[in-house]
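Contents: one structure, followed by commentary.
Where a number appears in this text, it was derived from the coordinates with a stated rule and is not lab data. Bear in mind that the values here come from a model prediction, so they are computed numbers and not experimental data. Using ideal geometry, Cβ is built from the backbone for each residue, glycine included, and neighbour counts are taken over all protein chains shown.
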Amino acid sequence: MAESIYVIAGKDESLVSARCQELLGRLLEPQQRMTALLSVNADEVSISDVLDELRTAPFLADKRVVMVKGADDFISKHRPILEKYFEKPAPTGILVLAVSSWDSRTRLSKRLPEVGKLIEIEPVKLWELAGHLTQYAAGKHKVKLNRDAAELLVELIGEEPAQLYNEVDKLILFARDEKVIRLEHVVSLTGHNRVYGAFEVIDAMIGGNAGEAVKRLRNMFEEDRDAEYTVVGAFAFHVRRMFNARKLLDKGTNPAVIAKQLRIFFNKDQFFAQVQRVSLAQVATFLEELAAIDYATKTGQAQAPVAIEQLVLQLAGSVK
């Protein structure tokens, strides 16, 4: 049985929005939303409109849902009226309030457990992002997003949930009616240009051709307006595979086995040619420098285009 009132609280608007949609999917069937749902931003609706909707008998559904987004100020402004509503909610109405924070000391908070439920959204930690994306794909689209595909998305797009959700939504459209989103889909739609661009830069860099490496790097930024935010991830994805491949090669593992294990589908011959021209220590240095650049760009201490170009010039001169 559904609660009469839900409060969804969290600092990350994208996560709160996703949870709102997930809840809405449980409360109403898609065909019921035209007649039994009011979903509005708090600054676009009056308290009287909200209460009228909640108290109106549902049509072609057994309940009417009113979802108020960004409701922090709305609650503060209309607290006395809401306190009365919390005492006696409409029997066929469900109120959903999306807020950035929820004060546990208020009368509303103390009354909520008797008539509804508080859903608190904690920020997703970096190591949880891939699993969170698979849940998002399953919950919103009823589609399976493979773990390795989700991990590549995080590598390429970054840690911002809203951007990641957007990429998952695009992947669903790209894959059409397929029920499983695989690594190949991510590479084809989201990552191919960026990963391949990083591949080309590294190829020139390992060859000691600093000028060509920088030229290819600048082309990446000119051709992709999002490259500034994703280029470090694209390089890290490729260099991490180089590091793992180098370790396996040093152990005597067959390249064909490595390619299958690391899921290297494209440019396999060129990839192993690159790996065989550098030592494990050199690749490890590259990874360490990329991690430092990632931190510096996220904390405002550096700009990705400048930092990556400096790194390419530095390493192109050191690879023999």
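Each helix, a run of at least 4 DSSP H residues, gives -39500 (n - 2.57); summed and divided by the residues of the chain, these come to -18500 deg cm²/dmol at 222 nm. Charges were assigned to the Cβ only: +1 to each Lys and Arg, -1 to each Asp and Glu. The resulting dipole of region 25-80 about its Cα centre is roughly 200 debye. The ratio of the alpha-carbon radius of gyration of the chain to the globular-protein estimate 2.2 N^0.38 Å is 1.28. Given a cut-off of 15 Å, what percent of all Cα-Cα pairs of region 126-181 lie beyond it? The proportion of pairs with Cα distances above 15 Å equals 35 percent. Partner aspartates and glutamates whose Cα lies under 19 Å from the Cα of Lys125, excluding those fewer than 8 positions away in the same chain, are identified as Asp12, Glu13, Asp148, Glu151, Glu155, Glu159, Glu160, Glu167, Asp294.
The value of relative contact order for region 41-154, using C-alpha pairs under 8 Å at least six residues apart, is 21 percent. Considering only Gln314, Gln276, Gln261, whose Cα is most displaced toward the positive end of the charge dipole of region 229-320, charges sitting on Cβ of Lys, Arg (+1) and Asp, Glu (-1)? Selected residue: Gln261.
The angle between the Cα long axis of helix 304-318 and the main principal axis of the chain comes to about 20°, on a 0 to 90 degree scale. Summarising the amide proton neighbourhood of Leu37: residues at separation of 5 or more, or on other chains, whose placed amide H is nearer than 5 Å comprise Val65.
Separation of the alpha carbons by more than 28 angstrom is noted, of Lys144/Lys260; Lys11/Lys117; Lys63/Lys110; Lys142/Lys247; Lys268/Lys298; Lys63/Lys117, for Lys142/Lys247; Lys268/Lys298. Pairs of Cα atoms nearer than 8 Å and 6+ residues apart set the relative contact order; for region 126-181 it is 39 percent.
The loop-placed GluC sites (Glu not before Pro) in region 47-110, going by DSSP, include none that has at most 13 neighbouring Cβ atoms within 10 Å of its Cβ.
For the pair Thr35 and Lys84, the difference between a 0.36 nm per residue extended length and the Cα-Cα distance amounts to 15.0 nm. Where the centroid of each part is defined by its Cα atoms, how far is region 213-291 from region 1-69 in Å? Answer, in whole Å: 47. If you bin the C-alpha pair distances of region 185-318 every 10 Å from 0, what whole percents do you get? Reading upward from the zero bin: 12, 45, 35, 8, 0.
Using C-alpha pairs under 8 Å with a sequence gap of at least 6, the mean separation divided by the residue count of the chain gives a relative contact order of 15 percent. Taking amide H atoms as placed 1.01 Å from N in the peptide plane, the amide H of Val99 lies under 5 Å from those of Ile8, Ala9, Gly10, Ala71, each 5 or more residues away in sequence or on another chain. Placing R0 at 41 angstrom, the Cβ-Cβ distance between Asp52 and Arg263 gives a FRET efficiency of 0.15 after rounding to 0.05. Taking Arg147, Arg105, Arg277 in turn, the Gaussian network model of the chain (Cα-Cα springs below 10 Å) assigns the largest fluctuation to Arg105.
Overall size of region 56-98 from C-alpha positions, given as principal axis extents largest first: 33, 22, 11 Å. Report the residues of region 266-282 in range of a label on Ser188: point 7 Å along Cα→C-beta, backbone N strictly under 14 Å from it. Only 266 fall inside the zone, counting backbone N under 14 Å.
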